[in-house]
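One structure is given below, encoded as structure tokens.
Laboratory data are not the source of any read-out in this text; all were calculated from the coordinates shown. On a predicted model such as this, the values are computed, not experimentally measured, just so you know. Reconstructed Cβ throughout: ideal geometry from the backbone, glycine too, with neighbour counts over all protein chains shown.
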Amino acid sequence: MLIKVCGLTRQQDLDMASSLGAGMCGFIFHAPSPRNVTPAHVASLESGTMLRVGVFVNQNADEICRIMAEARLDMAQLHGRQDVDCARTVGVQRVIRVIWPGRYCHRALLYNELQKHAGACACYLLDAGLTGGGSGTRLDWQDLSHLPAPHPWLLAGGLSADTVGQALRLCSPDGIDLNSGVEDAPGLKNAQKLAAALGVASKQKGNGYLS
């Protein structure tokens, strides 16, 4: 089970996520977000063995690549309207493509969207809502059960110690993305909440991919 902790802003939270076994740490490069960070600040943060992921909304491929180099990032999570060409410029194996299932009234339409980006990402992140992220809202987990995704996928949206167990049982993602559900305030993680959520997630059997 791959565990990503996103919206990180402090060294103490990265240390905590790493010590608890998270495999990815996420940093948001989007000025309107209360979790926004600068490339220079992220470059100063140490992350141990965790993969470093940048969350990008409005940036084009050149800016994404520049920020990735400056902030010492391993992967780019594309939250905006970046097209397939942008993803390929960044590097297919470095891209996490964000998909919002709530935009699609039928599961077949969701599957078509996954297929559209299949040649331009390493994995997907399925998030709640219709845009953005970190809202704390939830997806219809049951509706994602046995989703025939072309690549492994991470589940995001409303995940906490109280909900992650049910989410994993209902839809069996390849990984999870924790953010607002383990915070005291935007960008400030709570040690007890994070430990509890990871404790529940670690009891679920993963499929071996990136775990």
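Here are the numbers:
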| item | result |
| --- | --- |
| Ascending count of other beta-carbon atoms within 10 Å, so fewest first, for Lys189, Lys203, Lys116 | Lys203, Lys116, Lys189 |
| Computed lengthening from His151 to Ser19, 0.36 nm per intervening residue step minus Cα-Cα distance | 44.7 nm |
| Residue order, fewest to most surrounding Cβ atoms within 10 angstrom, among Asp177, Asp85, Asp13, Asp162 | Asp85, Asp162, Asp13, Asp177 |
| Relative contact order, percent, the chain [alpha-carbon distance under 8 Å, six or more residues apart] | 21 |
| Within the chain, percent of DSSP bridges classed antiparallel, to nearest 5 | 5 |
| For region 2-202, the spread of Cα positions along each principal axis, largest first, Å | 43, 40, 28 |
| Rounded to the nearest 20 debye, dipole of the chain from Cβ charges on Lys, Arg, Asp, Glu | 260 |
| Karplus (6.51, -1.76, 1.60) ³J(HN,Hα), θ = phi - 60°, over region 176-187, in Hz, Gly and Pro reported as x | 10, 10, 9, 8, 5, x, 10, 10, 8, 7, x, x |
| Net lengthening on full extension, Asp162/Tyr104 (0.36 nm per residue, minus Cα-Cα) | 18.2 nm |
| Cut-off under 5 Å, modelled amide H: who pairs with Trp153 long-range | Tyr124, Asp174, Gly175 |
| Rounded to the nearest 20 debye, dipole of region 142-211 from Cβ charges on Lys, Arg, Asp, Glu | 240 |
| Dipole-positive endmost among Val53, Thr38, Val164 within the chain (Cβ charges, Cα centre) | Val164 |
